[in-house]
Amino acid sequence: MMFRSSSLLFHALSSLTCSIALLQGSTYACPNTFWIADGYCDPDCNNKDNDWDGGDCCESTCVDATYDCGINGYDCKQEDTSVYQFKKQYSGFELTLKCDKDAQAGYAVGYSYSLTKDIVDRKTKRTYRNDRSIPDECQQQFKGSSLPSYKTDECSGKRQSNPFCYDRGHVVMANHMDGTSQTRQDASYVTNILPQVAGFNQPGGAWYETEKIIECQRDSSDVDRLEIFGGMIYDDESNDFFLESNGIPTPDTYWKVVVKYFKKSSVDPDVIAWLMKNDVNDKASNLDKRFNEGGDLIQIKTLKRIVDDSLSTLPMQYTEKAFDIGSSWDGNDGNCNRPNPRADREL
């Protein structure tokens, strides 16, 4: 596509004039609607209101027109509307789901819930069905009406010591949602299930141990409530064994924050945080080692940096006693409602 140098010079000068005006306090939208979708990336038109300059600023969407694409470089800012996040408020907890219209599948990336003293134990429910109130692109896809076990060719022998054996692991732990029939049902939806390495999810694993700790601490006589939130990190494609069968990657890292609020309002909330690998070698003992010493116990300021999240739901003032002493909260209180070792651990 040919272009006239005088036209290009006019375009550049007009854009410069607009930029100077902006610095002087004037406000411009796109100075000229004819600039949109003309092949030239105009910074002043590269915004949502002007459809990202009609696609001129992205190499994948630009079409040669008045100008050859790329003549003013690219500055791709337009949003990928095929991928989005969806928040679902269930009875007792909230999930944040990553939805992919192109893949027609999605999975959990975040969660939050609150717990008080455990009064009723209705056991867990194991239907493992998709949630019909959620778009298809926001949840796993599979054959049949119930989510089958996650299978890999390499899984054999003792599951808890085999790095290729995965459980249908709960994001929001089922044992924490057994208080009513509704919370029990909601926790069994596939939206709340992800592939978890068996040795991580079952007794002796770090994830399983956090369940015991939380379940015990909620019943402490001085505790008013626990606020729990966290998320999953997907950054290693080498273990994405279930893309074809379920349309989802495998979570590589789980992070969890627990805020303990006390009955005495004069006592600052105490906070504990863990950053755990979805790995057969991430054992319960790692919860009693600081992150900088090779463990899972992590300081809030470090977690904020790693997950790139301000963790805005934290209270204004809090202590981090567990990190200070280098050991997680007690999970073996004799008054605890200890979960059945296999109650939540479906293969």
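The values are calculated or read from the model by the stated rules, or taken from the named source; none is laboratory data. Note that the coordinates shown come from a computational prediction; the quantities given were computed from them, not determined experimentally. A quick note on method: Cβ atoms are made from the backbone with ideal geometry, for glycine too, and the neighbour counts reach across all protein chains shown. In case anyone asks, the SASA skips ligands and DNA or RNA and just uses the protein heavy atoms, side chains included. Shrake-Rupley method; radii C 1.70, N 1.55, O 1.52, S 1.80 Å.
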Practice prompt. Spot the failing condition for D102; the list is (1) part of a loop (DSSP other than H, G, I, E, B); (2) farther than 22 Å from T250 by Cβ; (3) open to solvent by 30 Å² or more (accessible area, probe 1.4 Å); (4) of a type outside the set (A, V, I, L, M, F, W, C), and only one is missed.
Written response: (2)
Worksheet item: Checking C216 against (1) farther than 28 Å from T116 by Cα; (2) in contact (Cβ under 8 Å) with a residue 12 or more places away in the chain, which test does it fail?
Response: (1)
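Could you please let me know if K158 is closer than 17 Å to A198 by Cα and either crowded, with 18+ Cβ neighbours inside 10 Å or among the basic types (K, R) (or both)?
Values: closer than 17 Å to A198 by Cα: yes; either crowded, with 18+ Cβ neighbours inside 10 Å or among the basic types (K, R) (or both): yes.
Answer is yes for this residue.
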Practice prompt. Collect the residues in segment 64-99 that are open to solvent by less than 40 Å² (accessible area, probe 1.4 Å), among the aromatic types (F, W, Y) and touching a helix residue (DSSP H, G or I) at 6+ places or on another chain (Cβ under 6 Å), keeping them in residue-number order.
Written response: Y90
